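Data first, discussion second: the structure below is written as structure tokens.
The values are calculated or read from the model by the stated rules, or taken from the named source; none is laboratory data. What you see is a predicted model, and the numbers here were worked out from it, not measured in a lab. Here the Cβ positions follow ideal geometry from the backbone for every residue, glycine too, while neighbour counts run over all protein chains shown.
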Amino acid sequence: MGWQIWRRWDAPAPHAVSSATYGFLPAESIHGAIRGAILERYGRERADAVRIIYGGSVNEQNVDSLVSKPDIDGALVGGASLKADSFARIVRARTR
């Protein structure tokens with residue numbers, strides 16, 4: 001399924017982007033393509049039930065933009081989880 005998702009996004013081939021960093025718009029596009037592929041293969045009920053988690057850099061400055069995207073259902077929080085205030089802010093953004 002991976003190559004089909006890359007083709008739907010109309011991006012360079014996966015081997016050409018090994019160290020690229022993407023912003024939230026492309027992340028939303030990729031998440032939407034993943035959900036679309038699940039929808040096509042398994043139907044609406046399963047596509048809606050799957051939670052697609054963003055695995056990029058999440059912090060208290062960018063979390064609002066990230067969680068506002070409809071196909072991004074959550075985030076893997078790394079270093080920001082080591083600071084209680086930052087982590088609490090991220091959790092509050094997701095639970096609104």
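List of remarks:
- Boolean, residue 20 is of a type outside the set (Lys, Arg), in a loop (DSSP other than H, G, I, E, B) and either surrounded by 17 or more Cβ atoms within 10 Å (Cβ to Cβ) or at pLDDT 90 or above (or both): no
- Taking the range 39-65 as the range and being outside any loop (DSSP other than H, G, I, E, B) and touching a strand residue (DSSP E or B) at 6+ places or on another chain (Cβ under 9 Å) as the test, the residues that pass are 53, 54, 63.
- Options 34, 72; residue that is among the β-branched types (Val, Ile, Thr) and over 20 Å from residue 95 (Cα atoms): 34
- Residues being small (Gly, Ala, Ser) and either closer than 15 Å to residue 26 by Cα or not in a helix (DSSP H, G or I) (or both) - total across the range 66-85: 4
- Against the numbered list (1) surrounded by fewer than 12 Cβ atoms within 10 Å (Cβ to Cβ); (2) not in a loop (DSSP other than H, G, I, E, B), residue 36 comes up short only at (1).
- Tally of residues being more than 11 Å from the chain's Cα centre (by Cα) and more than 17 Å from residue 85 (Cα to Cα) across the range 50-67: 2
- Every residue from the range 43-65 that is of a type outside the set (A, V, I, L, M, F, W, C), farther than 19 Å from residue 26 by Cα and touching a residue at least 12 places away in the same chain (Cβ under 8 Å): 60
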